[in-house]
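Visitor: Sharing a structure, written as structure tokens. Questions coming.
Rule-based calculations on the coordinates, nothing more; no lab input. Predicted model, so just to flag it, every value in this text is computed and none were measured. Don't worry about glycine lacking a Cβ; one is built from the backbone with ideal geometry, like all the others, and counts go over all protein chains shown.
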Protein chains: 2
Amino acid sequence: MRLSVSPDTFPPRGHEAKRLSIVDAAAGVFCREGFAGANIDLIAAEAGVSRQTIYNHHGDKEKLFVAVVRDLTERCNAGIFATIATFPDQPKDLEADLIGFAVRLNQNCICNRDGKFLRKLIQTEGERYPELFAEWREQGPGRTWPAIAARFARLAYGGYLAIEDPDVAARQFLGLVNAELQTTFMLGGTPREDEVLQSATNGVRTFLRAFGKRRSVASVEKQSALASA
Amino acid sequence: MRLSVSPDTFPPRGHEAKRLSIVDAAAGVFCREGFAGANIDLIAAEAGVSRQTIYNHHGDKEKLFVAVVRDLTERCNAGIFATIATFPDQPKDLEADLIGFAVRLNQNCICNRDGKFLRKLIQTEGERYPELFAEWREQGPGRTWPAIAARFARLAYGGYLAIEDPDVAARQFLGLVNAELQTTFMLGGTPREDEVLQSATNGVRTFLRAFGKRRSVASVEKQSALASA
DNA sequence: GACGATTTAGACAAGAGTGTCTAATTTTGT
DNA sequence: ACAAAATTAGACACTCTTGTCTAAATCGTC
């Protein structure tokens, strides 16, 4: 695909690497400084390229911003779906497995660099780019929530949970396991690993108090196994 | 206090009214445009004063920003404590009363103008003003969470709830009743009244499934009353 | 009506940032 | 090693913004 036959495809290479480092640096600067406060020269310096190269690649500041959001959305979605794939469909220990899932979701999708950046850009500039973030909403929450809800539905169907509305349950699950991290998220901080675990543990316990089947044989076994361990 | 005796107090008046309208307008513009993008001329226009007046009152853009955050924090805190005062200490219908409280909390503290603005400024500029927002954290969450937790502890002590850790329960309560509003909050939107009620209702029901005492006589009565209604 | 203080409109200097252009340099494929 | 393409540094015009200054107008009080 890099042969001279290609009519309008990409320039040689190294090109793509630069594009990446530009978008990466831009993400950081846009997040720190906001769109208006972001300085192209600073982005260039952090990306290790010249200002002109940025203009060659992306045209102008606004197009660069759009590219950043698209990139982040795509990477975050990939991360979320990869994590959803680890959802415990046939849990051995429901509590432990759900806690594990919650922790993975946090560490791989919400607290990591991409997640933090995307969240901040949405909060900061969401109102300024309605179409762009409408797109995000479709591609992101619009696809991930149903996927998560489907997993909870499956768990309910398998007799592990007593939930009526899987969509509500999915949202409440996330609300619970992140309940103790909200203030940290607000200020743009990253919770420590033990804080994530703590919040997930408390959240899942409450979730199971509400929706867990009353101590099936399996869960009682686990319970005593844990107690004796 | 307006007599000529006062040595260094405030100028006559109307003064204070101007200060208010400046801070109000500034809050709106800072939220829409971010600190860097906010334009003093625009703030002046929206406040209906001249640019010079802003400088007379607040010195410079940064001091104005600090004044805005302080004002919002103060007003929001007042609103939150006023709402906490309506917490159902001796509930007649625990579910309905908690739903009512959740809805009030949302409408009076989170979804109203001040709440939205403060939240956005924290998210947007929190990292740039560590001391300012550390102050907010102390004055705001640092004081309101214990107050809310104390109310839940009281409910537990009164036999209405079975909770171990009132602090955790308080945070989970808010996480649950706002679980379905997160995406809207992210994009800076205001959920409709029925969405708030829906989320609160679902959240409180789950909360009570987890922490409610098993169907006291009173709650069974309510339950059937509702069913027949 | 007169006085003092505040507010106003507008001009202003100084600085910063965007986006363009050019010529020199480096990289890449053959 | 050569040629084409991409990258770079720097200068540049242009715009926008902040914060100051001044003289005129307005307000509130006596």
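Visitor: Rounded, prolate or oblate: pick one for segment B:72-228, where a ≥ b ≥ c are the square roots of the eigenvalues of its C-alpha gyration tensor, a/c under 1.5 means rounded, and failing that, prolate if a/b is larger than b/c, else oblate. Numbers along the way, then the final one.
Guide: Working: a/c = 2.40, a/b = 1.67, b/c = 1.44.
Taking the square roots of the gyration eigenvalues as a ≥ b ≥ c, segment B:72-228 is prolate.
Visitor: Now, a different point. For A:Glu138, place a label point 7 Å out from Cα along the Cα→Cβ vector, do the same in each other copy, and report the separations in nm, one decimal, smallest first.
Guide: Shortest to longest, the spacings are 4.9 nm.
Visitor: Please compare each pair in A:Lys61/B:Lys18; B:Lys61/B:Lys116; A:Lys120/B:Lys61; A:Lys63/B:Lys116; A:Lys18/B:Lys116 to a cut-off of 30 Å on the Cα-Cα distance and tell me which ones are over it. Can you show the working numbers first?
Guide: On the way: A:Lys61/B:Lys18 37 Å; B:Lys61/B:Lys116 21 Å; A:Lys120/B:Lys61 23 Å; A:Lys63/B:Lys116 28 Å; A:Lys18/B:Lys116 39 Å.
From A:Lys61/B:Lys18; B:Lys61/B:Lys116; A:Lys120/B:Lys61; A:Lys63/B:Lys116; A:Lys18/B:Lys116, over 30 Å: A:Lys61/B:Lys18; A:Lys18/B:Lys116.
Visitor: If you don't mind, another one. What lysines does B:Lys213 reach when the alpha-carbon gap must be under 19 Å and sequence neighbours fewer than 8 apart in one chain are set aside?
Guide: Filter leaves A:Lys213, B:Lys92, B:Lys222.
Visitor: Taking chain A as a Gaussian network, where each spring joins two C-alpha atoms under 10 Å apart, which residue of A:Leu197, A:Leu121, A:Leu42 fluctuates the most?
Guide: Result for chain A, Cα springs under 10 Å: A:Leu42 fluctuates most.
Visitor: Just counting partner chain Cβ atoms within 10 Å, what average do the residues of peptide A:136-149 show around their Cβ? Could you put the intermediate results ahead of the total?
Guide: On the way: counts 2, 3, 0, 0, 1, 3, 1, 0, 0, 1, 0, 0, 0, 0.
Mean partner shielding for this stretch: 1.
Visitor: Measure out, as a whole number of angstrom, how far apart the alpha-carbon centroids of segment A:31-87 and segment B:167-213 sit.
Guide: The two parts, judged by their Cα centres, are 33 Å apart.
Visitor: So, one more: What are the label-to-label distances in nm, one decimal and shortest first, from B:Asp60 to the same spot in the other copies, with labels 7 Å along Cα to Cβ?
Guide: Relative to the other copies, B:Asp60 has label-point distances of 3.1 nm.
Visitor: Which whole number gives the average count of other chain Cβ atoms within 10 Å of the Cβ atoms across peptide A:201-210?
Guide: Values: counts 0, 7, 5, 0, 4, 12, 5, 1, 7, 9.
Average per residue, whole number: 5.
Visitor: Follow-up. I want to verify a result. In a Gaussian network model of chain B, Cα cutoff 10 Å, which of these has the top mean-square fluctuation: B:Glu33, B:Glu125, B:Glu95?
Guide: Highest fluctuation among the options: B:Glu33.
Visitor: Taking a point 7 Å out from Cα toward Cβ as the label site, list the nm distances between A:Leu20 and the same residue in every other copy, smallest first.
Guide: Label point to label point, same position, other copies: 5.7 nm.
Visitor: If you take every residue apart from B:Glu131 with its C-beta less than 15 Å away from the C-beta of B:Glu131, what net charge results, scoring Lys and Arg +1 and Asp and Glu -1?
Guide: Working: positive: B:Lys63, B:Arg70, B:Arg128, B:Arg137; negative: B:Glu62, B:Glu125, B:Glu127, B:Glu135, B:Glu138.
Around B:Glu131, the surrounding residues sum to -1.
Visitor: On to the next question. Between beta-carbons, use under 14 Å as the cut-off and find the net charge around B:Cys31, counting Lys and Arg +1, Asp and Glu -1. Walk me through the numbers before you get to the answer.
Guide: On the way: positive: A:Arg128, B:Arg32, B:Arg113, B:Lys116, B:Arg119, B:Lys120; negative: A:Glu125, A:Glu127, B:Asp24, B:Glu33, B:Glu46, B:Asp71, B:Asp114, B:Glu125.
Cβ neighbours under 14 Å give a net charge of -2.
Visitor: Picking from A:Glu131, A:Glu74, A:Glu195, which is most flexible by a Gaussian network model of chain A using Cα springs under 10 Å?
Guide: In this elastic network of chain A, the residue with the biggest mean-square fluctuation among A:Glu131, A:Glu74, A:Glu195 is A:Glu131.
Visitor: Among B:Thr53, B:Gly140, B:Tyr160, pick out the residue whose Cα is farthest towards the positive end of the charge dipole of the protein assembly as shown, where Lys and Arg carry +1 and Asp and Glu carry -1 on C-beta, about the Cα centre.
Guide: Final value for the positive-end residue is B:Tyr160.
Visitor: To continue, here is another question. Rounded to the nearest 10 degrees, what's the angle between the helix B:113-125 long axis and the longest principal axis of chain B, both from Cα atoms, 0 to 90?
Guide: 70
Visitor: Would you mind checking the tilt of helix A:193-211 against the longest principal axis of the Cα atoms of chain A, expressed as 0 to 90 degrees and rounded to 10?
Guide: 50
Visitor: Determine the sum of side-chain charges near A:Ile84: Lys and Arg each +1, Asp and Glu each -1, restricted to other residues whose C-beta is under 13 angstrom from that of A:Ile84.
Guide: Numbers: positive: A:Arg104, A:Arg143, A:Arg151, A:Arg154; negative: A:Asp89.
Local net charge: +3.
Visitor: Grab every C-alpha pair in the protein assembly as shown, bin the distances at 20 angstrom width from 0 up to the longest one, and report whole percents.
Guide: For the protein assembly as shown, the pair-distance distribution reads 21, 50, 25, 5, 0.
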